[in-house]
Amino acid sequence: MKIFLDSANIDQVRQAKALGTIEGVTTNPSLLSKEKGDWKKIVRQICKEIDGPVSVEVISTESQAMLAEARDLVKIAPNIVIKVPMTLEGLKTISELHNQGIDTNATLVFSPNQALLAAKAGATYVSPFIGRLDDIGQDGMQVIQDIMTVFRNYDLSTQVLAASIRHTNHFFQAAILGADAITIPLPVLFDLAKHPLTDIGLAKFMNDWATR
Ligand code: G3P
């Protein structure tokens, strides 16, 4: 499972990179709008820092305008992936970008049907939002499993990118299911490295050593 950082903050990207476990970054308009300064400069910095894919979302809702944005975005860096909302206009955009050989990430995916359409249109990734499904009382992880079954049934190459990840159990479940990729906020990445027995064991080693 590829691990991406879900952040538009360059310091967070650097912190995650230092741990050697991050293979890409996903941003969205909400994350980028929290950052101070020129958003294009921020995106360029992130793309320089990370060798892998960096998803940046279009903010238009109509396909021609999305395509115009995408043309600008791909000029920023070669590792940009165009994040496109899962709408009818978004599907047209994904299809056209696919024809042009540009990688896309279909975002705001909440059902296997949406994921299948995005894959048919040529999306490189689909991003089912696990946490937001859980928030409304549905089982987000079941949607990941269903999408993976559908993709396997038809041998589709679109990658399932588990998104809207809120805690370490989401991460574990996605890994058990064999999701292609997951995007996680920095606090979740830090939590993944922790275990109380590690802390207790380390304290004992330190104490034994100090009192030898
Ligand atoms: O990658 C999508 C993600 O940023 C959405 O997360 O926590 O806003 O639902 P969240």
Could you grab me the full set of residues in region 145-193 that are more than 21 Å from GLY52 (Cβ to Cβ) and either in contact with a Gly (Cβ under 6 Å, 6 or more places away or on another chain) or among the aliphatic types (A, V, I, L, M) (or both)?
ILE147, MET148, VAL150, LEU156, ARG166, ILE176, LEU177
Exclusive hit being within 13 Å of the ligand (Cβ to nearest atom), open to solvent by less than 50 Å² (accessible area, probe 1.4 Å) and either touching a helix residue (DSSP H, G or I) at 6+ places or on another chain (Cβ under 9 Å) or more than 16 Å from HIS98 (Cβ to Cβ) (or both), set SER164, SER111:
SER164
Yes/no for ARG71 being open to solvent by 20 Å² or more (accessible area, probe 1.4 Å) and either more than 16 Å from the ligand (Cβ to nearest atom) or small (Gly, Ala, Ser) (or both):
yes
When residues of region 23-53 are filtered for being polar (S, T, N, Q) and more than 13 Å from the ligand (Cβ to nearest atom), how many remain?
1
Some residue of region 180-195 being within 15 Å of the ligand (Cβ to nearest atom) and over 26 Å from ASP103 (Cβ atoms):
yes
How many of the residues making up region 188-204 are part of a helix (DSSP H, G or I) and more than 30 Å from LEU32 (Cα to Cα)?
9
Looking only at region 40-97, filter to residues that are of a type in the set (A, V, I, L, M, F, W, C) and assigned to a strand (DSSP E or B); which one of those is nearest to ARG14 (Cα to Cα)?
VAL54
Condition (residue is open to solvent by less than 30 Å² (accessible area, probe 1.4 Å) and part of a strand (DSSP E or B)) applied to region 140-161: is it met by at least one residue?
yes
Being more than 16 Å from the chain's Cα centre (by Cα) and not in a helix (DSSP H, G or I), is that true of even one residue in region 170-187?
no
If we keep just the residues of region 125-139 that are open to solvent by 10 Å² or more (accessible area, probe 1.4 Å) and not charged (D, E, K, R), which is nearest to the ligand (Cβ to nearest atom)?
PHE129
Out of MET86, MET1, which single residue is closer than 30 Å to ILE176 by Cβ, of a type outside the set (S, T, N, Q) and open to solvent by 70 Å² or more (accessible area, probe 1.4 Å)?
MET1
Return the residues of region 29-68 that are surrounded by fewer than 21 Cβ atoms within 10 Å (Cβ to Cβ) and within 19 Å of ALA181 (Cβ to Cβ); say none if nothing qualifies.
LEU31, CYS47, GLU49, ASP51, GLY52
In region 1-22, how many residues are within 12 Å of the ligand (Cβ to nearest atom) and free of Cβ contacts under 8 Å to residues at least 40 places away in the same chain?
1
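The values are calculated or read from the model by the stated rules, or taken from the named source; none is laboratory data. This structure is a prediction, so every number in the text was calculated from the model and none was measured. Neighbour counts are summed over all protein chains in view; Cβ atoms, including those assigned to glycine, are modelled from backbone coordinates with ideal geometry. Please note that ligands, DNA and RNA were not included when accessible areas were found on the heavy atoms of the full protein model with its side chains. Shrake-Rupley method; radii C 1.70, N 1.55, O 1.52, S 1.80 Å.
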